[in-house]
Structures are given as C-alpha cells and as structure tokens.
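Here the structure comes first, spelled out in structure tokens, and everything after it is commentary.
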Amino acid sequence: MPEIILPTGFTEIERAMVLRYLEDVAGPGQDWLGLVRTFNRLREAVVVIPGKGRRTFASLYTRLIDSHLTDPFIAALYSLDDVEQESVILWASGARRIRPVLEMAGLYAADDPPTRLLLAYCLYWWHATAKGYTFEVEIFRDLRQSGVDFTAHDPRLRSERFTPYDLIVLGFRGDVKTSTYFLSLAGRVLRSDFYITRLWLSEVRSRTLVVFLKTPMWDEIDGETLLIAWRELESCLPQPVRIAHRGGELVVSDYGVWKEKIRAYQSRQEVQDE
Amino acid sequence: MSEQRTIENIPAEEFEQIVDRFIEQAAAWDGALPAETFFEAWDVLTDEESPLEVQAVIVGNELLLETPPESPLTARGSRILLEDGRELVIRLRSVEPTLQV
C-alpha cells in the first residue's frame, strides 16, 4: 500500500474528529469549525505511490473522483422532477463508487488505517460539492418558476462549472451554496454581491433559506434595515436585518422576502422601460 | 485512561460499517447547519484566509495545472482562467546548464 504523509502536527484529536464526522454527519455534536479546518488541512496530505510519484489528497480527489462522478451527477440532476428528494439515491450511488475506485487504484484498504483518511476526505468533499450542486439546481429552478429574471452559469458545462459566481440578478453577482460548503470556502474573501444558503433554525426546528447581501445590492432593492447581533437572527427572520461582518455589514434576508423584492424591482423597471 | 477512538485505531470491519452508515445518513442530509453553528464558525474562518492553490504536473514536455474542485480558479492545461476573462498562460522553457567556473 502507498505511504501517506499527513500535514505537520496532524493530531489524534483531528483523527477522532474525522471518525465522529463519519459516525454522525448530521448530528448536533459535530464541531464544524474543527471539521472544516481538518478537511482543509487534509488537502495537503500526500500519498506516495510506488513507481508513480507523490500526489496530494486534493489532486487525487480531482483526478479519481471529481473528474468521473461530478459531471454525470450534475447532468442527472437536471432530469429530475423533485431534485431534492430524487437526488438522495443519486448522491448515495456516487458515494458508494468512491471506495471501489480508491481500492482499484491501490489507494485504500480498510486494514491499512492511514488510507481511511483518504476515503474520508473523498466522502467529505463528495458531500460538500455534490450537495452544493443539488442546492444550486433547486434554486435556479425555483427562481425560474417564481418569475425572477436572472442569468446563471450552466454547471453541466465544464467551461462554466467553475465560474467565480453562479448567477447574476439585477447586474449583481451571486452564489448559491449549502451552509457546509459555504463554510469550507470561508477562508476566502467574499467576492460576490449576494449568497443564497440554507440554515437550520434550532428553536423552531425547521430549515429556512436565507440570502446574505452586501449593502449596495440591498440599497438598490430596498433600504433601511435593523442592525442586530447574529444571535438574534432566528428571532428576527423573516424580517431583513443587518449583521456585522469583517468590519463591514451584511444584510440577511429571508429568501422568499428577497425574491418578492427582486420581482417588485424588476416589475417597476419593466414599467419604466415601456 | 482509555485510548481515544480515532479513524485509524478502530477495527477494519467496524470502519467499513461506519462508512456504509455514513452514506445512508449523508445521502438524506442537505448540509444545512444550525444558524448559530454557521455564524460562529464563519466569524472565525473568515479571519483565516488561505492562499489559492494550483498544482502543477509535468507530463512529457507539457505542463498540466490542476485546481481543487472547490477552487475559484479554473485551470486548463497550462492556462489559468482569471475572473475578468483573461487567461494566465505559463510556458515551460528549457534552460541550458550554466557553465560553472
């Protein structure tokens, strides 16, 4: 089996955290801050393949998993009637192929413990990216059905899949991300003007869709909002509010409220243009 | 004190079963985090900006660039697509060994 060189200082705590992730992915006890850091660190783990050289976990994921599973997965999403429900089987089918792919490549064996980290890494990113595309397709479909005028990239085309933003509304650039995927990218500057994501509200025990907007976009479609601490968000939604972020402010709006405001703005513009 | 259970110290058969259960559970989970978890982690992680990563492999005489799937960069062959639509092209050239005096 190959030798695996983990990032410097990779700890027992991190090894335990990866196991907990696999044991109860959606459980309330997950340390998501720690998990995102750990799986980002594992990108730089190196596999020394006898006679073939050294490859990072990130590179192996791209070559062996992403390049084979993601394009067909995204294409299949567009053929589903109920994207969220029907994609569950599709996602699981992709996930079940990861282990044999790594085994065939001589990169995983259950009785070779270091290789389990590569399998866990691939499963984590398969979940983050594939669920992210599922959410994207759901939102694009909903925006079309809601009559919102927008242009979006087509993730089925490899040339468009990696565009730095997913859609444009009123000339503003936006991204659609699940909250886990959003966190995985959080170490980057927020370059888009708005982000659509889904959060779990613990008090009311339900999911909700929210939009984070930079203030220029919000100023264009609405205006004044209340400045709150993020801990108050759940009690304020669906009312749009402002929260402090990195020395600036972001507006957080309920997705349905945001759509209504966009539609109203676009209707006013159509009247003015006539 | 008992040893902490980690991904590497549990029996192989148990690990395989955990992976099977993970796939069942993760398939049905949409990745929506609790708002408080999301904001707490986001606050910390945004202060830990990481550099963008491009990996390079030389195959024969050609340079092949790769980016991780979550990267905002797009690499094709020896080219990196920039946000403004331009392309950054990296060309390999051979260098004659310098005469050591």
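The values are calculated or read from the model by the stated rules, or taken from the named source; none is laboratory data. Bear in mind the structure is a predicted one, so any value in this text is a computation, not a measurement. Don't worry about glycine lacking a Cβ; one is built from the backbone with ideal geometry, like all the others, and counts go over all protein chains shown.
A few points about this structure:
- Where A:ALA110 falls short, out of the listed (1) touching a residue at least 60 places away in the same chain (Cβ under 8 Å); (2) in contact with an Asp or Glu (Cβ under 6 Å, 6 or more places away or on another chain): (1)
- Any chance A:LEU22 is among the hydrophobic types (A, V, I, L, M, F, W, C), in contact with a helix residue (DSSP H, G or I) (Cβ under 6 Å, 6 or more places away or on another chain) and assigned by TED's automatic domain parsing to the domain that holds A:GLU136: yes
- Residue selected from segment A:100-118 under the condition more than 7 Å from chain B (Cβ to nearest Cβ) and assigned to a helix (DSSP H, G or I), by the criterion nearest to the chain's Cα centre (by Cα): A:LEU118
- Pick from segment A:55-93, criterion over 13 Å from A:TYR121 (Cβ atoms) and small (Gly, Ala, Ser), ranking: nearest to the other protein chains (Cβ to nearest Cβ): A:ALA92
- Filter result for A:LEU42 (of a type in the set (A, V, I, L, M, F, W, C) and more than 22 Å from the chain's Cα centre (by Cα)): no
- Among the residues of segment B:1-39, those that are in a loop (DSSP other than H, G, I, E, B) and of a type in the set (Asp, Glu) comprise B:GLU3, B:GLU8, B:ASP30.
- Test: residue in segment A:132-144 that is at pLDDT below 95 and not aromatic (Phe, Trp, Tyr): yes
- A:VAL18 being within 21 Å of A:SER184 (Cβ to Cβ), modelled with pLDDT of 95 or more, among the aliphatic types (A, V, I, L, M) and within 19 Å of the chain's Cα centre (by Cα): yes
- When each of A:LEU167, A:LEU199, A:LEU237, A:LEU185 is tested for being on the phi < 0 side of the Ramachandran plot, touching a Leu at 6+ places or on another chain (Cβ under 7 Å) and buried (at least 18 other Cβ atoms within 10 Å of the Cβ), the lone residue that passes is A:LEU199.
- The condition (being charged (D, E, K, R), more than 8 Å from every other protein chain (Cβ to nearest Cβ) and at positive phi) is satisfied by just one residue among A:ARG141, A:ARG158, A:ARG205: A:ARG205.
- Here B:ILE18 clears all of (1) more than 7 Å from chain A (Cβ to nearest Cβ); (2) under 16 Å from A:MET17 (Cα atoms) except the condition numbered (1).
- Residues that are surrounded by 17 or more Cβ atoms within 10 Å (Cβ to Cβ) and not in a helix (DSSP H, G or I) within segment A:250-274 comprise A:LEU250, A:VAL251, A:VAL252, A:SER253, A:ASP254, listed in sequence order.
- Members of segment A:211-231 found to be touching a Phe, Trp or Tyr at 6+ places or on another chain (Cβ under 9 Å) and among the charged types (D, E, K, R), listed by number: A:LYS214, A:GLU220, A:ASP222, A:ARG231
- Strands (runs of 3 or more DSSP E) lying entirely in segment A:1-93 (those with 3 or more residues that are surrounded by 15 or more Cβ atoms within 10 Å (Cβ to Cβ)): A:46-49
- Answer residue from segment A:161-184, given it is without any contact (Cβ under 8 Å) to a residue 12 or more places away in the chain and touching a strand residue (DSSP E or B) at 6+ places or on another chain (Cβ under 9 Å) and is nearest to the other protein chains (Cβ to nearest Cβ) among those: A:PHE162
- Restricting segment A:220-234 to residues that are of a type in the set (A, V, I, L, M) and surrounded by 12 or more Cβ atoms within 10 Å (Cβ to Cβ), the residue that is farthest from A:ARG207 (Cα to Cα): A:ILE221
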